[in-house]
1. Of the residues C:Arg107, C:Arg124, which single one is in a helix (DSSP H, G or I), of a type outside the set (S, T, N, Q) and within 11 Å of chain B (Cβ to nearest Cβ)?
2. Which residues, taken from the stretch C:43-53, are out of contact with any Gly (no Cβ under 9 Å at 6 or more places or on another chain) and outside any loop (DSSP other than H, G, I, E, B)?
3. What about B:Ala27, is it under 23 Å from the mean Cα position of the chain (by Cα) and more than 14 Å from every other protein chain (Cβ to nearest Cβ)?
4. Just one of C:Leu139, C:Leu153, C:Leu159, C:Leu149 is away from chain B (no Cβ under 11 Å), more than 24 Å from B:Gln8 (Cβ to Cβ) and in contact (Cβ under 8 Å) with a residue 24 or more places away in the chain; which is it?
5. Can you tell me how many residues in the stretch B:2-35 are over 23 Å from C:Asp99 (Cβ atoms) and of a type in the set (A, V, I, L, M, F, W, C)?
6. What number of residues within the stretch B:142-185 satisfy the criterion of being small (Gly, Ala, Ser) and at pLDDT below 95?
7. Identify, from the list B:Leu247, B:Leu285, the residue that is in contact (Cβ under 8 Å) with a residue 12 or more places away in the chain, of a type outside the set (Asp, Glu) and closer than 19 Å to B:Leu207 by Cα.
Amino acid sequence: MFRFRLDASSGVPPYLQLVHQVRQSLLLGYLREGDRLPTVKDVASDLVINPNTVVKAYRQLEHEGLAGGRPGQGTFITASSFAVEPESNQALRASLEEWLRTAEEAGMSEEAVTALIAVARHDMRKEKV
Amino acid sequence: MIWVSWRQHRSQAIACLGLLAALTVYAIVVSTSMRTAFSHDGLAACLTRSQAGSCQAAISSFMSKFSSMVNIAFWAVLLIAPGLLGVLVGAPLIARELEYGTWRLAWSQTVPRTRWLATKLALVTGGLVVAGAAMTAVITWYREPMDRLTGHLFNNIYDFEGPVLTAYILCAFGFAVLAGLLLRRSIPAMVAAFIPWLAIRLAVEFLLRPRFQAPLTFRQNCAHGCSINTGVGAVPPETGHIGDWVLSITNSGSQTVTTYQPADRFWHFQFIEAGLFVVLTAAALGATIWLLHRRPA
Amino acid sequence: MAHDDAGGSAPALRADRLGRRYGQVWGLRDCTLEVPAGAIVGLVGPNGAGKTTLLEMIIGLLEPTEGQVSVFGAAAHAHMAARLARVSYVAQDHPLYRDFSVADMFRLGRAMNPSWDHGMAQARMDTLGIPPKRKVKTLSGGQQAQVSLTMALAKRTPLLVLDEPVSSLDPVARLEFMRDVMASAVGTGLTVIIASHVVSELERLCDWLIVLTGGHVRLAGPVDDLLAAHRLLTVPRPTSDAELPGLTIHRTDSDRHSTVLVRADAARLQALGRPGWQADPVGFEQLVMAYLQRSPQTAAADDTAAAAAQPRPLAKEVTR
């Protein structure tokens with residue numbers, strides 16, 4: 001059975017953490033199409049969280065097309081194509097490495113790079129406020 | 001709810017039973033030797049035969065053997081015993097729940113708090129009535145030979161050989177339950193209930209009891225000497241009946257005037273006094289139920 | 001707010017200007033709430049804020065001095081038995097009769113509650129490994145808390161009230177206790193109210209929130225809605241409160257900038273976009289802490305101003 005984990009101090013709302021973990025596991029290949037996600041009761045018990053949080057996370061996954069519920073049977077992973085095609089993954093990876101090299105040559109430290117990424121992400125999110 | 005009340009008072013009930021058993025054992029031991037002495041010394045035969053005047057010697061020897069055991073032990077300690085029993089059982093009934101916070105458990109179940117209290121009170125009151133009646137029976141049986149010599153209208157004996165004993169216990173119980181609700185702590189409630197109980201008890205005994213009914217008067221012409229007797233422990237009093245309760249003896253010229261209550265008023269007095277204490281009990285318990293209904297913790 | 005229960009299920013809890021006075025002091029005042037069935041509510045506030053007062057009035061252990069409260073539609077003293085049948089309660093320090101055995105406690109539960117589920121109570125003891133013959137006083141704190149919780153759950157009520165249930169427990173016992181509460185809420189539509197002053201634990205447990213300080217409700221509503229209605233603004237230091245949108249809840253000033261938590265409706269938030277300003281979503285714990293830290297005077301003043309700005313629905317006069 002797939003087991004979630006909760007980082008209480010991360011500042012990220014619990015339901016989002018669950019969604020992220022499914023996305024990440026799909027990317028890494030730990031979850032595949034057809035896998036059954038644990039029941040709401042199992043997750044609520046396991047993580048000691050509000051069952052409605054789990055319901056919300058599963059609904060979000062449905063909304064994103066990653067999972068779907070089969071009445072009486074549970075919630076199953078429906079996406080195989082979320083796992084970005086290996087080729088596109090490699091392409092993204094390559095462009096990232098090139099960018100990092102450029103930043104290093106420009107004299108940016110590792111911390112500066114991390115900060116820059118955070119700020120950029122932040123500003124992009126801000127547009128949705 | 002009956003089981004719950006029983007279970008909460010189970011250890012009290014067992015302690016009571018233990019006390020009763022101890023009392024009974026003591027009673028059997030002493031009373032048996034009393035009865036043996038009574039018949040052995042020929043007192044029974046003597047009393048039926050004549051007016052007791054001639055049995056003086058036998059009576060004196062019997063009394064000297066047993067009266068201390070019977071009277072001192074009963075008087076000092078056992079005056080307060082019914083009160084103690086009543087407050088020990090009554091004070092924690094509500095106060096304990098308030099002290100330990102278990103009222104939050106007990107009164108949030110589906111039984112409303114007044115029904116909770118009423119059931120408890122009914123059961124415990126019933127238990128106290130049974131205990132009181134049993135104690136009364138044991139003590140009455142125990143004292144039977146002695147009572148034939150002294151009657152039982154006298155203070156210390158009267159207190160234990162009729163319904164008043166049970167009524168005393170119930171009154172102390174009622175006061176203590178009410179005190180427990182008001183003071184919310186068991187020990188202070190015991191004290192706060194015991195003191196008024198004792199005050200009333202003594203006031204009734206010494207101020208009211210002699211006047212439950214108008215006393216009778218017995219006059220003697222003492223020109224040639226009279227026999228003056230003052231009750232317990234002595235040869236049957238000059239009024240002529242064993243068990244008459246002498247209130248006072250005064251001189252009026254050459255006459256000696258004895259005011260007394262006759263022995264056959266025993267049961268009448270018992271019911272008056274028991275009734276008085278039962279009314280007090282009912283008032284205290286009624287007030288407790290009403291207060292609990294109106295004023296939640 | 002004057003809607004009836006006709007056609008829909010009654011809210012788990014409805015309070016209307018509920019208040020309780022102790023002598024001269026108001027333990028709780030002007031409390032108006034409507035909590036839907038199935039919510040898991042966190043009731044937060046410092047000690048003495050009125051949490052226990054509110055809970056006891058909900059359960060029926062305490063009479064309100066003013067206002068009304070009803071549980072699934074059962075209100076007032078006249079419906080006491082009905083109210084008691086709908087709520088189960090685990091009080092602070094989970095009181096039990098210490099001389100009773102666990103089996104005795106369950107027998108009490110069965111004797112005093114028609115809805116008692118004896119099988120469930122025993123099954124829980126089996127799962128937890130607590131022998132029923134053991135006397136309560138010989139159990140550990142965690143086990144006693146579990147017995148108390150079992151008493152409440154086996155009563156099978158639609159509303160469960162927990163007053164600081166885990167404050168006296170060690171971390172493992174805490175986790176096990178709340179685990180069982182969460183598991184019980186799944187699929188049964190159980191409404192739970194958890195009073196606590198430990199904010200950090202509530203985020204994962206609650207989808208509804210009530211913040212209580214100084215005897216007044218400062219914040220109440222579904223967590224998602226509350227979070228959506230607040231923003232953490234980063235603004236230049238000289239910005240005055242009047243320039244800020246909505247209501248300022250908490251402000252922290254640094255040399256050149258200030259961080260402000262504001263409560264504003266969506267329209268006002270969209271109107272942002274000023275240079276040097278940044279708006280971020282606020283986290284659960286930040287939100288609660290900000291409200292807890294507001295001084296009662298500020299909070300009272302703001303609440304009165306807000307009430308004056310809005311037409312208030314007519315509240316029924318309480319006749320006693």
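1. Numbers: C:Arg124 fails: within 11 Å of chain B (Cβ to nearest Cβ).
Just one listed residue meets the conditions, C:Arg107.
2. C:Leu43, C:Val44, listed by residue number.
3. Values: under 23 Å from the mean Cα position of the chain (by Cα): yes; more than 14 Å from every other protein chain (Cβ to nearest Cβ): yes.
Taking the combined requirement at face value, the residue satisfies it.
4. Working: C:Leu139 fails: more than 24 Å from B:Gln8 (Cβ to Cβ); C:Leu153 fails: more than 24 Å from B:Gln8 (Cβ to Cβ); C:Leu149 fails: more than 24 Å from B:Gln8 (Cβ to Cβ).
One residue alone meets the criteria, C:Leu159.
5. Here the count works out to 8.
6. Residues of the stretch B:142-185 small (Gly, Ala, Ser): B:151, B:162, B:167, B:172, B:174, B:176, B:179-180.
Going one step further and asking which of them are at pLDDT below 95, we end up with B:151, B:162.
Residues flagged as small (Gly, Ala, Ser) and at pLDDT below 95 within the stretch B:142-185 amount to 2.
7. Working: B:Leu285 fails: closer than 19 Å to B:Leu207 by Cα.
Selected residue: B:Leu247, the only one of B:Leu247, B:Leu285 that is in contact (Cβ under 8 Å) with a residue 12 or more places away in the chain, of a type outside the set (Asp, Glu) and closer than 19 Å to B:Leu207 by Cα.
For (1) closer than 27 Å to C:Ala300 by Cβ; (2) modelled with pLDDT under 90; (3) in a loop (DSSP other than H, G, I, E, B); (4) outside the structural domain of C:Leu212 (by TED's automatic domain parsing), each residue gets a yes or a no:
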{"position": "C:Met1", "(1), (2), (3), (4)": "yes, yes, yes, yes"}
{"position": "C:Ala6", "(1), (2), (3), (4)": "no, yes, yes, yes"}
{"position": "C:Arg17", "(1), (2), (3), (4)": "yes, no, no, no"}
{"position": "C:Arg20", "(1), (2), (3), (4)": "yes, no, no, no"}
{"position": "C:Leu28", "(1), (2), (3), (4)": "yes, no, no, no"}
{"position": "C:Glu34", "(1), (2), (3), (4)": "yes, no, no, no"}
{"position": "C:Val41", "(1), (2), (3), (4)": "yes, no, no, no"}
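The values are calculated or read from the model by the stated rules, or taken from the named source; none is laboratory data. Keep in mind it's a predicted model, so treat the numbers as computed, not measured. Note: ideal-geometry Cβ built from the backbone for every residue, glycine included; neighbour counts use all protein chains shown.
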